[in-house]
Amino acid sequence: MSLYKSIVTAIKRFSRKWPSFCFYVMDKPFLKSSGHSYFLGKDFSFHNHKYIAIGDKFVALQRCRIEAIDTYRGESFEPQIIIGDNVNFNTDIHIACINKVIIGNNVLLASRIFISDHSHGEVTKESISKAPSKRNLVSKGPVIIEDNVWIGEGVSILPNVTIGKNSIIGSNAVVTKSFPENSVIAGIPAILIKSL
């Protein structure tokens with residue numbers, strides 16, 4: 001029984017480290033830049049590695065997707081995704097970029113978070129008369145999340161937003177505008193609850 005437990009324990013350890021091993025072999029060499037010490041969960045994916053830079057001690061759990069989109073419907077973009085040091089992603093994170101998304105150092109993201117610097121088309125009668133997948137991608141500006149920000153469960157952060165350092169975003173908030181450092185924000189759309 002002891003040998004059996006040892007084998008099962010070894011298999012469990014290996015299976016937990018397999019995504020990180022695959023990252024080191026198949027993803028890390030192709031990133032724009034990358035630091036040291038990673039842990040990645042299952043079903044983690046990068047799209048267009050060459051536009052993505054990741055700092056030291058990056059942790060991402062299951063089903064995280066980071067997409068730098070450089071072409072869509074014949075249009076070209078120069079996306080930049082920069083993730084700082086000591087950043088922790090929980091499960092089901094989706095980052096989509098055609099312009100710029102910057103996540104500072106020591107940022108914690110809970111689960112089910114969407115961050116995007118673009119949308120499918122503009123809010124005009126002409127644009128909305130087309131199927132969403134047929135509309136051109138449009139960015140109103142970058143998304144910048146400064147250092148020491150805590151992003152709660154189910155948050156969406158939309159284009160042209162800066163979140164100041166040391167801020168907290170409450171669960172299920174939809175962030176459509178910028179907030180200064182030391183802010184506690186929540187709601188749909190997100191509003192300032194408190195300045196610290």
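Bear in mind these aren't lab numbers, they're just calculated from the coordinates by the rules spelled out. No experiment lies behind these values; they were computed from the predicted model shown. A quick note on method: Cβ atoms are made from the backbone with ideal geometry, for glycine too, and the neighbour counts reach across all protein chains shown.
Worth a mention:
- Cα extents of the stretch 40-196 along the three principal axes, largest first (Å): 43, 33, 22
- The stretch between Ile193 and Glu78, if pulled fully straight at 0.36 nm per residue, gains 37.9 nm over its current Cα-Cα span.
- His94-Glu153 pseudo-label distance in nm [points 7 Å out on the Cα-to-Cβ vector]: 1.9 nm
- Size descriptor, Kirkwood hydrodynamic radius, that averages inverse alpha-carbon separations across the stretch 66-156, Å: 14.1 Å
- Annotation for the stretch 97-151: GluC sites (Glu not before Pro) lying in DSSP loop with at most 16 further Cβ atoms inside 10 Å of their Cβ are Glu122.
- Trypsin sites (Lys or Arg not before Pro) within the stretch 87-139, DSSP loop, no more than 14 other Cβ atoms inside 10 Å: Lys130
- Distant-in-sequence amide H partners of Ile93 (H built 1.01 Å from N, under 5 Å): Cys64, Arg65, Arg112, Ile113
- Gain on full extension, evaluated as 0.36 nm per residue between Asn136 and Lys42 minus their Cα-Cα distance, stands at 30.7 nm.
- Pairs from the list Lys100/Lys177; Lys42/Lys194; Lys125/Lys177; Lys42/Lys134; Lys140/Lys165; Lys42/Lys165 with a Cα-Cα gap above 27 Å: Lys42/Lys194; Lys42/Lys134; Lys42/Lys165.
- Dipole check for the stretch 136-196: with +1 at the C-beta of Lys and Arg, -1 at the C-beta of Asp and Glu, and the Cα centre as origin, the magnitude is about 180 Debye.
- Karplus-derived 3J(HN,Hα), 6.51/-1.76/1.60, for each residue of the stretch 65-76, Hz, glycine and proline x: 10, 10, 10, 9, 9, 9, 9, 7, 6, x, 9, 9
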